[in-house]
Structure formats: structure tokens, C-alpha cells
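Written out below as C-alpha cells is the structure these notes cover.
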Amino acid sequence: MSRRHSLLPQSGVCYDSSALRVGATTPSMSHPARDLAGLITKGSPEEQLLAQIDFARLPRHIAIIMDGNGRWARMRSLPRVAGHRAGIAAVRDVVETSARLGCQVLTLYAFSVENWKRPRREIDTLMGLLREYLKKEIDTLQSNNIAFNVIGRMDELGPMIQKELQEGMLATRANTGLLFNIALSYGGRAEIVDAVNRILADRRLTGASPPLVDEAAFSRYLYTAGQPDPDLLIRTSGELRISNFLLWQIAYAEIWVTETLWPDFRKRELLQAIVDYQKRERRYGRVVGAEPEAISLSPGKASV
């Protein structure tokens, strides 16, 4: 795949600047059982996990490294593409559950910049499955008030899929519930490089002597500008790697790893991750019992 533009143009920044989510609060759920009716089976393990969740302390942003599709297929003597197709069901379940729970942002790592090295047939299949997902799930996104968004180097994708992704974002941009980011042709290092290049480009345009760049200013040039940093990072398949995912944003994320392969990941695992997350003490470098300090979010707004 040719990389004609290493710098993501301003028009390619994948967020709606008119609806920044800086400091936005997670929607409260006064009646979780009622709000999740039809999603959680009465008497199930999921219901038991749900009962342990404090809905006032949900992670605002959950990021997931979806891993294990190939291994899932190999264990069943199936081609790798069968694993990717099976993974769609996990995406569907996790996206809807996150929205119904009242989470603010969900980011799924779907296709990395390194994935362009895979066989062309596998890449074409992945892109085809993405287009299939968009066509089949747009109504579900709308009915659950989910805003669809893409982060990554969209200009490296084929023209047809770029068009369909843009149409999906446009169709859902007025939705005010979950912001569903899908990371495509994405790399954490590439994102940082693109941010630096955009800063340099802006400075060339202004011609003025700019102030020094601090963390807050730098964050506004990332793909996730306007979004809170991930509170919870989930990785499936038991691998203990970050894999070049949201390197800047996950500085203080809580990491939860499961042996479950992505095609088998469902709401039960998501709820378990949230329960475990809420048992942890997030100190951000502070000493236990000390006065809490303001914690900087991606776009530079402070929260405690």
C-alpha cells in the first residue's frame, strides 16, 4: 500500500470539533436493570457481575486490542479469515453493551499500520468485513445513539472504503451517546509523528513566533483530540504487549488482559474487566492519602 501522505491533512482529523467531549461526564444510569433490559439475562453470570458495578465510576474511555482471531481459526482448522469473520460478533456485542452501560468512549484496534504487511487476500477480506459491518450495523448504531468515528491514516485506505467510512461518520455524528472509535491504518508512533508534522505545518502557515508546545497543546493534534484518555485498556488472547496502540493516551490507563480470544469475547468479559477496574486504586503517581491533584486529559482540560 502506497503511503502518499505521511501527514494527515486537517480535513482528515477524525473528530467533530463542534462537539468536543472534553471533561464530559459519563451518563448516569438510575435504573441499570431497566436500561439494560433484553441485554442481560436474568440469573446469568452477567447479571451477577452487573450487580457489582458502580455506575458512578464507570471508565469513561475503554480501549481494546482485539487479538486472537488467527489463533481462534487455527484451533478449529479454519482459514484465518474465518477468525476475522467470527470476531464481528464480538464487536457487535461489545459496542452495544458499552453504549447501554453508559460508557463515554470505546476505541477498538482493528487494523494497524503494520498490518499492511499481511497477504493482500487477508487485507481485502478485512476491509470487506468492515464494509459489511457498516452496512449491517448502522441501524443498531443509530438506535443506540452511538457516534461512529475513525482514527488513523484514513488516506491510506481504498477510495471506496474511505467513502463508506465517511458516510457512516456523517450519518451518526449527531448522536450523543457512546463515541465508537475504530482504529484503522493506525499506529501510536505514526499518530505522534502526524501530530508533530501538523504542528509544524500550522506554524509555517502562521509565520509567527509560536509559544512552546506543552502536553495540552500537543494532545489537541492527536487523532483523539477532544476525547478523554483511556481509563481501561483491555487486551485479549493473553498477550502482554501494547502493540503500538494509543501510546500517548494510555499513560495512566489500567491494563486488563484476558486469555479469551477475541471471537469469544462477549459482554461477560467486558463486565468482568470493569468490575476488576473498579477494584483498583488509581493514584496517578500520588501517595495514598495525599491531596489529589488535577489530572490532565488528552485535550488539556483538567479533572480530578
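What follows is calculated from the coordinates using simple rules that are stated; it is not laboratory data. No experiment lies behind these values; they were computed from the predicted model shown. Cβ atoms come from the backbone with ideal geometry, glycine included; neighbour counts cover every protein chain shown.
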query = Tally Lys/Arg at +1 and Asp/Glu at -1 over every other residue whose Cβ is under 12 Å from the Cβ of E167; what's the total?
reply = +3
request  = Could you pull the Rg and Dmax for the stretch 36-142, using just the Cα atoms, both in Å?
outcome  = 16.2, 46
key: Q166 versus R204: modelled label distance in nm, points set 7 Å from Cα along the beta carbon direction   = 2.3
key: Proximal charge balance of R268 [Cβ under 11 Å; K/R count +1, D/E count -1]   = -3
inquiry  = Just to confirm the filter: which chymotrypsin sites (Phe, Trp or Tyr not before Pro) across the stretch 162-262 are DSSP coil and have at most 14 other Cβ within 10 angstrom of their Cβ?
reply    = Y252
